[in-house]
Amino acid sequence: MNARSRTSTAADRTVQAARFGPVAHNAWRLTATGRVSLVRRPKAPKVVQIDALPQSIELDLHRTVLVVVDMQNDFCHPKGWFGQKGLSVASARRAIAPIAALLPAWRAAGGTVLWLNWGVRADRLNLPPLVQFTGKRNATAVGYAEVSPEDRGRSLVPGEWGAQVVDELAPQPPDITVFKHRLSGFWDNELDSLLRLRGATTLLFAGVNTDRCVFSTLQDAGFLGYDCVLLEDACRTSSPAYVSRAIHHLVRQLHGFTARSTELLAALAPTHPR
């Protein structure tokens, strides 16, 4: 290698003019000399061990995403879509405290938070008859993208009050938000692509409802090859208690693991940066 080549190589290594990619560990780099580096620079694993069922587990925090499902005003606020329908939001609200306790520690340890929220088109053109029917049931009820008697905007339309995450769990930069329009968050949207581009392999699930959107998304995640962990105490449902027990059993038998947010909190404590 001649002197000019050595100088050029040194410049390539020390001066970065631009980066192209969704995250630093999955990016091309354009050097000051115009060379395009396709070399990824993955993060070293950050291992966290937690008690879980049916067995204790360890995970790489850098490749794990906390997926919080449907903690939105329309499902969790007394004046939201469900509340104004006369449906109890008490069970959904019981998920707020454990999630609120977990989020600061998870973020402080460098974990990624992803808000997976219902978000329908205002014209409902991508909602099939079954979805529209189950959201309304009769001609006088309020359905998707319609306005409740106490007008707080169209139900579950992105940008409206009802589709926002409840104030107690306000998203923070650099949290990620993905909207869905089916029970499963992997249907007809960008969730899978976004996770894979980040190099995510493990998903932790919290939110509502345990037996509906949470479980549907968790099942599809397992089918797609992700490691799945259901945080039992951070998931709630208005269904009878035996339904949650059945979901926990199915997750442990077929889809991954169940754990508790309190166990995760304890495991995260030694990882917090000073």
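Looking only at helices (runs of 4 or more DSSP H) that fall completely inside the stretch 190-274, which ones have 2 or more residues that are hydroxyl-bearing (Ser, Thr, Tyr)? Outline the logic, then answer.
Details: elements: 191-197, 215-223, 241-250, 261-268.
Filter on the stretch 190-274 gives 215-223, 241-250, 261-268.
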List the number of the failed condition for residue 140; all other conditions in (1) of a type in the set (Ser, Thr, Tyr); (2) part of a helix (DSSP H, G or I); (3) without any contact (Cβ under 8 Å) to a residue 12 or more places away in the chain hold.
(2)
Pull up the stretch 23-62, narrow it to residues that are among the β-branched types (Val, Ile, Thr) and in contact (Cβ under 8 Å) with a residue 60 or more places away in the chain, then point me to the one that is nearest to residue 232 (Cα to Cα).
50
Reported set for the stretch 40-85 where residues are in contact with a Gly (Cβ under 8 Å, 6 or more places away or on another chain) and of a type in the set (Lys, Arg) is 46, 63
Which helices (runs of 4 or more DSSP H) does the stretch 27-134 wholly contain that include 2 or more residues that are in the same structural domain as residue 215 (by TED's automatic domain parsing), at pLDDT 95 or above and within 20 Å of the chain's Cα centre (by Cα)?
73-76, 90-93, 96-108
When residue 185 is run through (1) without any contact (Cβ under 8 Å) to a residue 40 or more places away in the chain; (2) within 12 Å of the chain's Cα centre (by Cα), the failure sits at (1)
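The values are calculated or read from the model by the stated rules, or taken from the named source; none is laboratory data. What you see is a predicted model; the values in this text were computed from it and never measured. Counting neighbours? That spans all protein chains shown, and the Cβs are built from the backbone with ideal geometry, glycine included.
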